[in-house]
1. Report yes if some residue within segment 107-122 is farther than 30 Å from His163 by Cα, open to solvent by less than 30 Å² (accessible area, probe 1.4 Å), within 18 Å of the chain's Cα centre (by Cα) and modelled with pLDDT of 95 or more; otherwise report no.
2. Which one of these is of a type in the set (S, T, N, Q) and free of Cβ contacts under 8 Å to residues at least 40 places away in the same chain: Asn109, Asn177?
3. Assess whether Val128 counts as being part of a strand (DSSP E or B), crowded, with 16+ Cβ neighbours inside 10 Å and touching a residue at least 60 places away in the same chain (Cβ under 8 Å).
4. Give me the residue from segment 150-164 that is open to solvent by 50 Å² or more (accessible area, probe 1.4 Å) and either assigned to a strand (DSSP E or B) or at pLDDT 95 or above (or both) and, out of that set, farthest from Phe52 (Cα to Cα).
5. Considering segment 61-88 alone, what residues qualify as being closer than 18 Å to Phe139 by Cβ and surrounded by 20 or more Cβ atoms within 10 Å (Cβ to Cβ)?
Amino acid sequence: MKKNLLTVVLVFGAVAATSAQSTFGVRTGLNLATEYVRQNNQSSTTKIAPSFHLTGYYDARVSPGFSIQPGLSLQGKGGKSDLGGEVLTDKLLYLEVPVNFLGRVQAGNGEVFFGGGPYIAYGVSARVTSGRNARHLAFGKEPDQLNPFDAGLGFMTGYRFAHGLVLSLSSSAGFVNIGNIEGTTFQNRVTSFSIGYEFSKR
């Protein structure tokens, strides 16, 4: 996994560096995080746990209407559940590497963009809160621990203004079971609203 992560970063970093129209950008904003839970052939989705994201990325223009956008991101994920009248909130933080493939269409003085791609992530922090009480969770392979790895697909659309301001809406769905409880699957789901800036003009 670590070798694959390094390969992705190096390959797409090289693409961005060699593109004459590459730009560096940052974005941040609100995450509406939930967890998809499947147990005994029944599935459900937790309530939303608000969180945040902070992402730095390269946008490598491959052609006038297409770019490749690898990044490095801090992503808050999790979900909120009601267990016997007690509200429990999972607050998970991941270091994530997304790679998006974006189509671009000129619109006014800026561009509409849309597309998506895979991501891989590694957990750096996990805790469960109930009111003012909090319990930190460890990453590992035991039933009371969390699988630190996550991976899935993301989708993104938005608008880039001529002066560099970027507004976007994105969502991601994890394919990896982040839990270690036999017979139960937990997968991350996130919808994000972002504001960002790219530091050079097209």
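1. Checking segment 107-122: at least one residue is farther than 30 Å from His163 by Cα, open to solvent by less than 30 Å² (accessible area, probe 1.4 Å), within 18 Å of the chain's Cα centre (by Cα) and modelled with pLDDT of 95 or more.
2. Asn177
3. No: the conditions fail for Val128.
4. The residue in question is Phe161.
5. Scanning segment 61-88 gives Gln75, Gly76, Lys77, Gly78, Gly79.
For every residue, the table says whether it meets (1) within 20 Å of Phe175 (Cα to Cα); (2) in contact with a Ser or Thr (Cβ under 8 Å, 6 or more places away or on another chain).
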position	(1), (2)
Gly117	yes, no
Ala126	yes, no
Thr129	no, yes
Ala134	no, no
Ala138	no, no
Pro143	yes, no
Leu146	yes, no
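The values are calculated or read from the model by the stated rules, or taken from the named source; none is laboratory data. Model, not experiment: these values are computed from the prediction. Cβ sites come from the backbone with ideal geometry, for glycine too, and all protein chains shown count toward neighbours. In case anyone asks, the SASA skips ligands and DNA or RNA and just uses the protein heavy atoms, side chains included. Shrake-Rupley method; radii C 1.70, N 1.55, O 1.52, S 1.80 Å.
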